[in-house]
Amino acid sequence: AQSVTQLDSHVSVSEGTPVLLRCNYSSSYSPSLFWYVQHPNKGLQLLLKYTSAATLVKGINGFEAEFKKSETSFHLTKPSAHMSDAAEYFCVVSENTGKLIFGQGTTLQVKP
Amino acid sequence: NAGVTQTPKFQVLKTGQSMTLQCAQDMNHEYMSWYRQDPGMGLRLIHYSVGAGITDQGEVPNGYNVSRSTTEDFPLRLLSAAPSQTSVYFCASSYIAGGYSNQPQHFGDGTRLSIL
């Protein structure tokens, strides 16, 4: 069975410093992996998607993630945090049926 | 440019009442689904549909019914509301490409439901 583990429930960074949100997955085959962001009282918005093309995936708002099969990881990074990045982030694996398996979420706090 | 529209945005019910959460999408997506979001648990799949007339259960289907009579609409029905169903409910839709549904999903803004 597929699963997703987000290793940090809460991450706090200062504005202008790098962001690292960690995600490990388990899958019996080559997965499709996503990062979604949720701002308060809003739905989820797709940040980026991995589907077995390039292992380094670039997304919106300067975010990127690297698929590492040997480590079963898909960590999300951004070189310089902005106040508007404060939100909840979800790592998600997709089954071929379209079912999404969500991680528990990581709340990103950005301090001025 | 509507995307996925959910109504109502907020609702308070009494235990035992029934109601329908509406979801409509205007992108001609085959795949639609309902999730509930609870603190610390991410989103959990309730029911999903791969096309009109076809529905299936997700991870937490008990207490909920769905139907898919058109491509655009996918309502979620609570038959007899219970306090455990207090949650935020999200509807999502996506294309099915090449027989696989690993396409990005588009989410509505959610329905915040409280059961007293």
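The values are calculated or read from the model by the stated rules, or taken from the named source; none is laboratory data. Here the structure is a predicted model, which means the values were calculated and not measured. Note that each Cβ is placed from the backbone with ideal geometry, even for glycine, and that neighbours are counted across all protein chains shown.
Remarks
- Count - residues of region B:17-42 that are within 15 Å of A:Lys99 (Cβ to Cβ), facing chain A (nearest Cβ under 10 Å) and assigned to a strand (DSSP E or B): 4
- The residues of region B:43-83 that are more than 14 Å from chain A (Cβ to nearest Cβ) and within 12 Å of the chain's Cα centre (by Cα), listed by number, are B:Tyr64, B:Asn65, B:Val66, B:Ser67, B:Asp73, B:Pro75, B:Leu76, B:Arg77, B:Leu78.
- Once region B:5-42 is narrowed to residues that are among the hydrophobic types (A, V, I, L, M, F, W, C) and under 11 Å from the mean Cα position of the chain (by Cα), the residue that is farthest from B:Ser94 (Cα to Cα) is B:Leu21.
- Considering region A:70-100, and only residues there that are charged (D, E, K, R) and under 30 Å from B:Glu30 (Cβ atoms), the residue that is nearest to the other protein chains (Cβ to nearest Cβ) turns out to be A:Lys99.
- Residue list for region A:24-50, filter: buried (at least 17 other Cβ atoms within 10 Å of the Cβ), within 16 Å of B:Val88 (Cβ to Cβ) and free of Cβ contacts under 8 Å to residues at least 40 places away in the same chain: A:Gly43
- Within region A:66-112, the set of residues being farther than 17 Å from B:Phe107 by Cα, touching a residue at least 40 places away in the same chain (Cβ under 8 Å) and surrounded by 20 or more Cβ atoms within 10 Å (Cβ to Cβ) comprises A:Phe74, A:Leu76, A:Lys78, A:Ala81, A:Asp85, A:Thr106, A:Leu108.
- Among the candidates A:Val93, A:Val110, A:Val57, residue that is touching an Asp or Glu at 6+ places or on another chain (Cβ under 7 Å), modelled with pLDDT under 95 and either of a type in the set (A, V, I, L, M) or not in a strand (DSSP E or B) (or both): A:Val57
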